[in-house]
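Engineer: First the structure, then my questions, so here it is.
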Amino acid sequence: MSGAGRHTKLFERLKELEGEFEGSLLKELQDCASGVWGLFKQNPPQYLERHLRERLSRLDEVGEKIIALRRQLAEPADFPLLTRYQEYCAMQGPHTPGEPKLATRFLDELGSARTLNRP
């Protein structure tokens, strides 16, 4: 396979992973906004149900693959949705709102961003 063909395949894979990340994150945000804790890592993982731990682990794995592929392709390291998710996960402390409130805020941000970015 030529270098250009390999680059195209890797770029297609990157777009697939970014789409998977977005779809998974939106579902998890909706669940979290409805009261399912765990998305933003405010509680130790052992307190989460196994299926939720697995879903959130997969979300993190996809995020890591996105970062690695972006580096490999010399794309900007920033995938804004992943970066913002990581920023929300970093919000810790006694005065940080609970995860459902954070999820609602994140969903509101995403809705506002999509409205602003419409052609």
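Engineer: Could you please tell me which pairs satisfy a Cβ distance under 7 Å, a separation of 6+ or placement on different chains, a first residue in region 2-13 that is closer than 18 Å to I66 by Cβ, and a second residue that is surrounded by 10 or more Cβ atoms within 10 Å (Cβ to Cβ) and among the polar types (S, T, N, Q)?
Structural biologist: Close Cβ pairs (under 7 Å, with a partner that is surrounded by 10 or more Cβ atoms within 10 Å (Cβ to Cβ) and among the polar types (S, T, N, Q)) amount to L10/Q72.
Engineer: If I filter region 45-81 down to residues being touching a residue at least 12 places away in the same chain (Cβ under 8 Å) and among the basic types (K, R), which single residue comes out as nearest to T8 (Cα to Cα)?
Structural biologist: Among residues in region 45-81 that are touching a residue at least 12 places away in the same chain (Cβ under 8 Å) and among the basic types (K, R), the one nearest to T8 (Cα to Cα) is R70.
Engineer: Output the qualifying pairs, or none if there are none: Cβ atoms under 7 angstrom, residues six or more apart or on different chains, first residue in region 18-44 and farther than 13 Å from Y85 by Cβ, second residue of a type in the set (F, W, Y) and surrounded by 17 or more Cβ atoms within 10 Å (Cβ to Cβ).
Structural biologist: Listed by first residue and then by second, the contacts come to N43/W37.
Engineer: Going by the structure shown, is R118 basic (K, R), at pLDDT below 95, loosely packed, with under 11 Cβ neighbours inside 10 Å and not in a loop (DSSP other than H, G, I, E, B)?
Structural biologist: no
The values are calculated or read from the model by the stated rules, or taken from the named source; none is laboratory data. Owing to the predicted nature of the structure, the values given are computational and were not obtained by experimental measurement. Reconstructed Cβ throughout: ideal geometry from the backbone, glycine too, with neighbour counts over all protein chains shown.
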